[in-house]
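The values are calculated or read from the model by the stated rules, or taken from the named source; none is laboratory data. For clarity, every value in this text was computed on a predicted model and none was experimentally measured. Here the Cβ positions follow ideal geometry from the backbone for every residue, glycine too, while neighbour counts run over all protein chains shown. Quick note on the areas: whole protein, heavy atoms, side chains included, nothing else; ligands and nucleic acids left out. Shrake-Rupley method; radii C 1.70, N 1.55, O 1.52, S 1.80 Å.
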Amino acid sequence: MVKVAILHEGNAKKTHDNELLLLLLDNLGLDEKNVKFFGMGTKSNFFKVDDKNYKELLLNIKNESIEKILFVLDADFEGNDEKYGGFENTKTELEKTLDKLDLNASTDIYITCDPDEKCGYLESLILSTIPEEQKECLNAFLDCSDFKSKENHKAILNQIYNIGYPNAPFDFSHTNFDVLKLKLQKLFEGV
């Protein structure tokens, strides 16, 4: 009796996006059994109207097993991608895709990023929720490290955070999680 769908980056099994969403659903007391997760793979797949996940989603809507949908994807950085990078570009391009698929009525969008800077990704959101002293510590370690691929600091940051703070992976009481929590609660209304 699945009634809601969440489409996110990565795969539907075990990714950072999926893990965060599952932990947050549990924290809010929302039953994950009412959710069908669609792992969209890379961000670019969100903008492909012929993506296999959209075909399956539309079929689920037609047979009434899905009533509401939440899209969760990273803002990334406008400097890295002028069309799809940054909060506003991501939102605009996804809305165009949803228009083409006629999915606007039952959908909501959450773009993961640093809420103040309006760019970044899931790790940027998480980093924005930790105390300034811990944030400075992580950034200082990154700055002085000998990591070969600092451009891929998203994965590095996530690993450092998980190793450094294993007992407190996410502070869901932080206000930077409020919008996502509200969107998830709204998604479950009437389910």
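Points to keep in mind about this one:
- Full extension of the chain between E136 and E56 gives 24.4 nm of extra length, using 0.36 nm per residue less the Cα-Cα distance.
- For K183, the aspartates and glutamates whose Cα falls under 14 Å of its own Cα, not counting residues fewer than eight places away in the same chain, are D108.
- Ellipticity estimate at 222 nm from DSSP helix runs (n ≥ 4, -39,500 (n - 2.57)) divided over the chain, nearest 500: -13000 deg cm²/dmol
- Percent RCO, i.e. relative contact order, over segment 63-141, from Cα pairs under 8 Å lying at least 6 residues apart: 31
- Spherically averaged projected area in nm², based on the convex hull that wraps the Cα atoms of the chain: 11.1
- Pairwise centroid distance, computed over Cα atoms, of segment 1-69 with segment 70-101, Å: 17
- Note that segment 1-110 presents 53 Å² accessible area per residue, ligands and nucleic acids not counted, probe 1.4 Å.
- Take the Cβ atoms of L182 and D146, set R0 to 41 Å, and the FRET efficiency comes out at 0.50.
- With the largest listed first and rounded to whole Å, the semi-axes of the equivalent ellipsoid of segment 27-124 from the Cα gyration tensor are 24, 17, 11.
- Violating pairs (Cα-Cα greater than 26 angstrom) within the set K52/K181; K83/K135; K36/K181; K14/K96; K68/K135; K36/K83: K52/K181; K83/K135; K14/K96; K68/K135; K36/K83
- Relative contact order (percent, whole number), the chain, Cα cutoff 8 Å, 6+ residue spacing: 22
- Virtual paramagnetic centre 7 Å along Cα→Cβ of V191, amide N under 13 Å, in segment 104-128: 107-108
- Bridge type composition, the chain - antiparallel percent by DSSP, nearest 5: 15
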